[in-house]
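Note sheet for the following structure.
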Amino acid sequence: MGYLTTDKKKITTKTFAEMKAAGEKIAQMTAYDFTTAGILDAAGIDSILVGDSASNVMAGNEDTLPITVDQMIYHARAVARACKHALVVCDMPFGSYQASREEGIRNAIRIVKETGVDAVKMEGGQEIADTVRGIVQAGVPVVGHLGLTPQSIHVFGGYGLRAKEEAEAAKLLADAKALDEAGVFAITLEKVPASLAAEVTRCVRAVTIGIGAGNATDGQVLVYADALGMTKGFKPKFLRHFADVNRCMTEGVEEYVRTVKDSSFPGVEESY
Ligand code: KIV
């Protein structure tokens, strides 16, 4: 599980604050399963987000709305089990905290209790600040999420850049301050102008983690399948491919098929 208090290298919310103070950037990536999380953790990732993007990446849904608390718990438990080093954050899925403060607190506690993750992440600003405060007071560290918040995709009507206009930018800054005051230890800033992300980073005590938010945030997050080049055809401006896993897997599978078909696999040395 994720509670390795004896492991000195385990990254905690305190480490995040120390990294911000020292100007050391935080590298976060998503993962949704034990095997992938183990690779990321061993490679030195600072934090793994069990994002509700599991809905898209793992289940093939169009958006993040259908994924349930039970499904997030299934993914988060597998990831937490693999992590010796990384701080593990689990998204609270759509519908698990919007209806009431009490329901939000109950679901956050359930997620931490049943998975061993270190923290939960929630989308929204001032409207969820009171719920965030309640969850933090219950002992669960919270990451906020502002800018493009995919759980509100039907309100936005698309996945474009957020807070381009002055009014929306001012609201985002006020939301960040409200979340900071409610006790979040980090804020994810998704698809907002770099200058706004820089201003939020200067104004809040919490660590900021950007995705499509420029280079001035305290850290960066990417969906692992996008960053490692597994998802063909998805290449927004903010994304860099750090590997070509799609090609690597395709070539491996093609070779497997070829050797099964021509009976060269398994060989004598691979037989009992
Ligand atoms: O669910 C997710 O993967 C996220 C990241 C895009 C930040 O929230």
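The values are calculated or read from the model by the stated rules, or taken from the named source; none is laboratory data. Everything numeric here is computed off the predicted structure, so don't read it as measured data. Positions of Cβ are backbone-derived with ideal geometry, glycine not excepted, and every protein chain shown enters the neighbour counts. SASA here: full protein model, heavy atoms, side chains in, ligands and nucleic acids out. Shrake-Rupley method; radii C 1.70, N 1.55, O 1.52, S 1.80 Å.
Quick notes on this one:
- Single residue of the range 253-272 satisfying the filter (among the hydrophobic types (A, V, I, L, M, F, W, C) and surrounded by 11 or more Cβ atoms within 10 Å (Cβ to Cβ)) that is nearest to M230 (Cα to Cα): V257
- Tally, over the range 46-58, of residues that are surrounded by fewer than 24 Cβ atoms within 10 Å (Cβ to Cβ) and either within 11 Å of the ligand (Cβ to nearest atom) or over 23 Å from K14 (Cβ atoms) (or both): 4
- Taking residues in the range 171-188 that are free of Cβ contacts under 8 Å to residues at least 40 places away in the same chain, and partners anywhere that are of a type in the set (S, T, N, Q), not one pair has Cβ atoms closer than 6 Å while being at least 6 places apart or on different chains.
- When K235, K261 are checked against the criterion of being modelled with pLDDT under 95 and at negative phi, K235 stands alone in meeting it.
- Flag if Q151 is in the same structural domain as E181 (by TED's automatic domain parsing), open to solvent by 40 Å² or more (accessible area, probe 1.4 Å) and modelled with pLDDT of 95 or more: no
- Residues that are assigned to a loop (DSSP other than H, G, I, E, B) and within 15 Å of the ligand (Cβ to nearest atom), drawn from the range 146-159: L148, T149, Y159
- Test for K191: is it of a type outside the set (D, E), in contact (Cβ under 8 Å) with a residue 24 or more places away in the chain and open to solvent by 30 Å² or more (accessible area, probe 1.4 Å): yes
- Scanning the range 215-232 for residues that are open to solvent by 10 Å² or more (accessible area, probe 1.4 Å), in contact with a strand residue (DSSP E or B) (Cβ under 9 Å, 6 or more places away or on another chain) and more than 11 Å from the ligand (Cβ to nearest atom) returns A216, D218, L228.
- Hey, A163 aliphatic (A, V, I, L, M) and open to solvent by 20 Å² or more (accessible area, probe 1.4 Å) or not: no
- Search result, residues across the range 190-214 that are farther than 22 Å from D91 by Cβ and either touching a Pro at 6+ places or on another chain (Cβ under 6 Å) or within 13 Å of the ligand (Cβ to nearest atom) (or both): none
- Residue in the range 117-137 that is over 29 Å from A170 (Cβ atoms), away from the ligand (no atom under 16 Å from the Cβ), in the same structural domain as I211 (by TED's automatic domain parsing) and part of a helix (DSSP H, G or I) present: no
- Across the range 24-45, the qualifying residues are those that are of a type in the set (D, E) and open to solvent by 20 Å² or more (accessible area, probe 1.4 Å), and the one among them that is farthest from the ligand (Cβ to nearest atom) is E24.
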